[in-house]
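The structure appears below as structure tokens.
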Amino acid sequence: MGYDDVLCMGCNTASANADVLATALRLGNDGRRHLYRLTNHTQRDFVAVNDRLDPALLELMAAWPNNPAIVYNIAYDVWASNDIGDALFHNWAHSRNLLQIVFTDPGARTFYRDWEQVASNSVAGFRLNHGRSSDHPRIQRVLGDLLTVAPEFTRLWERHDPRGKAMEQKRFYHRDVGELTLPMQTFDVRSSPGQELVVYHAAPNSGSAQALTLLGSLSATNNPSRTEENDIWS
């Protein structure tokens, strides 16, 4: 029996108290919200997924030549990225789904220098999104695929640890420019509920800043013309 099943059994008992249960389980804020959704203690805050990309946001991202920026949905599909974002993620050669990159790209453990932390936080965030919109077909498809092919994902998924983003920076190793340590900011895209914008930057005058500048130059020189992306929903 899973963690969610235990919580739901508790909520069906007339005397069940979500706050007491959350305290007994030592849940953090995200875990408490997840519990409340499962127990209907508060109105379930399903994400009304909006696949529309805001043109103004795309223009803003394009104006950041030295700041990799990506927009992704609740299933971690990257819907938009600027040129240097494409360059940072190797032009999405493996996949445009961040979870698939982390768990199925053979080079992921080299690319993400703190792979274990990235993997754990990614699954925790996906678990939180699953609690909000478990019936969404794209979430179901990504979950099913990863449970089938990625044992490390399955191990982390079975922890039942829903959490929002916790990392404030990521360390990468890029084959063209070497090591990068990039602080990151994450924003909800209010014009398109369910989407998040992540913007990376480097500390001024650091080696990572020099590497980002080089990456931007390489991207401007070698960036292939953008072509229509494959339909990830097919």
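The values are calculated or read from the model by the stated rules, or taken from the named source; none is laboratory data. Source: prediction; values computed, not measured. As a convention, Cβ positions derive from the backbone with ideal geometry for all residues, glycine included, and neighbour counts pool all protein chains shown. We work out accessible area using only protein heavy atoms, side chains counted, and drop any ligands, DNA or RNA first. Shrake-Rupley method; radii C 1.70, N 1.55, O 1.52, S 1.80 Å.
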Rounded D (µm²/s) - the stretch 167-222, Kirkwood Rh over Cα pairs, Stokes-Einstein at 4 °C, 1.567 mPa s: 103
The stretch 144-200 - percent relative contact order, Cα under 8 Å, separation 6 or more: 19
In order through the stretch 56-69: 3J(HN,Hα) via Karplus (6.51 cos²θ - 1.76 cosθ + 1.60), integer Hz, x for Gly, Pro: 5, 5, 4, 5, 5, 4, 5, 7, 10, x, 10, 10, x, 9
FRET efficiency, 1/(1 + (r/R0)^6) with R0 25 Å, evaluated for Thr154 and Ser134 via beta carbons: 0.90
Alpha-carbon centroid distance for the pair the stretch 50-94 / the stretch 119-138, whole angstrom: 20
Projected-area average for the stretch 78-157 over all orientations - Cα convex hull basis, square nanometres: 5.4
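Accessible area per residue of the stretch 133-208 at 1.4 Å probe, in Å²? Could the numbers behind the result be given before it?
Numbers: 4140 Å² over 76 residues.
Normalised by residue count, the accessible surface of the stretch 133-208 is 55 Å².
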Overall form of the stretch 147-191 per C-alpha gyration tensor (a/c, 1.5; a/b vs b/c): oblate
